[in-house]
Amino acid sequence: WLQVDALHRIYFEECGNLNGPAVIFLHGGPGSGCNSTQRRFFDPAHYRIVLMDQRGCGRSTPEGETYNNTTEHLVGDIEQLRFHLNIARWHVFGGSWGSTLALTYACSHPQPIISLTLRGIFLSRPFELDWFLGQIQLFFPDQWQTLCDYLPESERSDPLQAFQQLVFSKDNDIAIPAAHIPTTIVQGRYDMVCPPQTAWQLTQAMPHAIFVMVPDAGHSAMEPGTCNALVAATEQYKHLK
């Protein structure tokens, strides 16, 4: 664990080749955490693999704490961990919310980043949130009803606002990084959580990026086509230091 401020202590772990080039895995959510399957995107004979549970997530403490827990705090934690582990430069790998965090980190700290591998692009823009907590009911009306059943009937017209009040969450606008960092973007064609339009728009803003649209995949990183594309990206970046 690493004590990052007076309240928050974050869990991290290392595996693989501790003398190899470092890579940090940024999990999704926000609010999920890391697990052992996420190590499998990286060749352990080559990479020094770092997994971190973000503030309030997974094994970090206090569990579920949202005080002093913003995107800016998480970016600061990434840098604290890099200094703590004495890592000069590293690869950054993030999916879904992790892609948001990776891009934010790249905006403010491009120098230590060797490469970016991003999956299921999410930029926290209003229309993306409106899609996931609104228009997605066109495809999943039963799950939508289950979601809304948690709310009083008077609040169901704006579930995002209602749930925000329930869990004290904050949504921050994420800028596209200006650095020309070697980047691979992997997107499932049928991703119903983070629609492909966002990934496509990001590639237009980052024309140097390699863009892989997996034709038969949704949002999960563990679908065969997506997993293969992510492993191919980490294999490709082995020569970078």
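The values are calculated or read from the model by the stated rules, or taken from the named source; none is laboratory data. As the structure is a prediction and not an experimental result, all values here were calculated from the model. When we count neighbours, we look across all protein chains shown, and the Cβ atoms used for this are built from the backbone with ideal geometry, even at glycine. Side chains are part of the model used for accessible areas, which takes the heavy atoms of the whole protein and leaves out ligands, DNA and RNA. Shrake-Rupley method; radii C 1.70, N 1.55, O 1.52, S 1.80 Å.
Below are the figures for this structure:
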quantity: Within region 56-70, tally of residues that are surrounded by 17 or more Cβ atoms within 10 Å (Cβ to Cβ) and either part of a loop (DSSP other than H, G, I, E, B) or in contact with a Pro (Cβ under 8 Å, 6 or more places away or on another chain) (or both); calculated: 5
quantity: Any chance residue 166 is in a helix (DSSP H, G or I), at pLDDT below 75 and closer than 26 Å to residue 11 by Cβ; calculated: yes
quantity: Some residue of region 41-55 being at pLDDT 95 or above, small (Gly, Ala, Ser) and either open to solvent by less than 30 Å² (accessible area, probe 1.4 Å) or in a helix (DSSP H, G or I) (or both); calculated: no
quantity: Sole exception among (1) under 15 Å from the mean Cα position of the chain (by Cα); (2) at pLDDT 95 or above; (3) in a helix (DSSP H, G or I) for residue 98, by number; calculated: (2)
quantity: Residue check for residue 209: hydrophobic (A, V, I, L, M, F, W, C), under 19 Å from residue 101 (Cβ atoms) and modelled with pLDDT of 85 or more; calculated: yes
quantity: Residues that are under 14 Å from residue 115 (Cβ atoms) and touching a Phe, Trp or Tyr at 6+ places or on another chain (Cβ under 9 Å), drawn from region 191-230; calculated: 230
quantity: Filter pass, residue 106 being open to solvent by less than 50 Å² (accessible area, probe 1.4 Å), in contact with a Pro (Cβ under 8 Å, 6 or more places away or on another chain) and assigned to a helix (DSSP H, G or I); calculated: yes
quantity: Subset of region 1-28 that is in a loop (DSSP other than H, G, I, E, B) and more than 25 Å from residue 239 (Cα to Cα) - its residue that is most open to solvent (accessible area, probe 1.4 Å); calculated: 1
quantity: Scope region 188-241; condition crowded, with 21+ Cβ neighbours inside 10 Å and either free of Cβ contacts under 8 Å to residues at least 12 places away in the same chain or in contact with a Cys (Cβ under 8 Å, 6 or more places away or on another chain) (or both); matching residues; calculated: 221
quantity: Restricting region 169-187 to residues that are closer than 15 Å to residue 96 by Cβ and modelled with pLDDT under 85, the residue that is most open to solvent (accessible area, probe 1.4 Å); calculated: 171
